[in-house]
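I have placed the structure first, in the form of structure tokens, so that the comments after it can refer back to it.
The values are calculated or read from the model by the stated rules, or taken from the named source; none is laboratory data. All figures in this text were calculated on a predicted structure; none of them were measured in a lab. In this analysis, Cβ positions are derived from the backbone assuming ideal geometry, glycine residues included, and neighbour counts consider all displayed protein chains. Only protein heavy atoms, including side chains, enter the accessible area calculation; ligands, DNA and RNA are left aside. Shrake-Rupley method; radii C 1.70, N 1.55, O 1.52, S 1.80 Å.
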Amino acid sequence: MKSFCSKASFLFVAYVVVTNCMFFEAQSFRPGKVYTTYECSPPVSTHTKAYLTLNSFQKSGDGGGPSECDNQYHSDDTPVVALSIGWFNNKSRCLNKITISANGRTVEAKVVDECDSTMGCDEDHDYQPPCRNNIVDASKAVWEALGMPQDQWGGMEITWSDA
């Protein structure tokens with residue numbers, strides 16, 4: 001397995017199979033810094049537990065390149081998300097909507113991208129580490145619809161399902 005982190009190779013360290021989900025630990029370009037990478041995500045249900053993160057899908061935003069589903073950039077004022085690699089499932093959820101619940105509210109958002117759980121730390125991923133396998137990476141429109149004060153944006157526990 002080869003991955004690159006800021007133009008430096010990951011060093012394969014270990015792998016473990018947990019409930020049919022393989023994850024790897026890889027040494028990054030920073031001495032002593034290790035990122036876990038995943039090839040799958042937890043099973044999807046009507047109330048799938050996840051961790052919501054903030055992402056910009058606009059050109060020159062922190063999301064890196066154009067979205068995987070349509071090769072386009074998307075306004076931060078549009079409720080769009082990227083899903084961890086297993087949930088993205090080889091584009092099977094592309095341009096479909098999911099329902100996100102948190103803070104006593106729900107919002108529908110369109111799946112436009114993958115939050116890569118196998119690669120990171122390069123230009124295509126805005127030099128961010130690989131995503132965990134339970135991430136819903138959302139535009140600011142999603143955070144606003146959930147009624148979260150801006151000073152609390154960044155990360156929180158949610159549930160989601162296919163809409």
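Residues in segment 58-84 that are open to solvent by 50 Å² or more (accessible area, probe 1.4 Å) and among the charged types (D, E, K, R): K59, D62, E68, D77.
Within segment 67-91, how many residues turn out to be under 11 Å from E114 (Cα atoms) and without any contact (Cβ under 8 Å) to a residue 24 or more places away in the chain? Even if it seems obvious, please write down each step before you answer.
Step one: list which residues in segment 67-91 are under 11 Å from E114 (Cα atoms), which gives 67-69, 81-91.
Imposing the further condition that a residue be without any contact (Cβ under 8 Å) to a residue 24 or more places away in the chain reduces the set to 89-91.
Final tally of qualifying residues: 3.
Filtering segment 87-96 to residues that are farther than 14 Å from S161 by Cα and either buried (at least 20 other Cβ atoms within 10 Å of the Cβ) or in contact with a Ser or Thr (Cβ under 6 Å, 6 or more places away or on another chain) (or both) leaves nothing.
Yes/no per residue for (1) under 20 Å from G154 (Cα atoms); (2) out of contact with any Leu (no Cβ under 9 Å at 6 or more places or on another chain); (3) charged (D, E, K, R); (4) at pLDDT 95 or above:
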| residue | (1), (2), (3), (4) |
| --- | --- |
| V44 | no, yes, no, no |
| A50 | yes, no, no, yes |
| K59 | yes, yes, yes, no |
| L83 | yes, yes, no, yes |
| R93 | no, no, yes, yes |
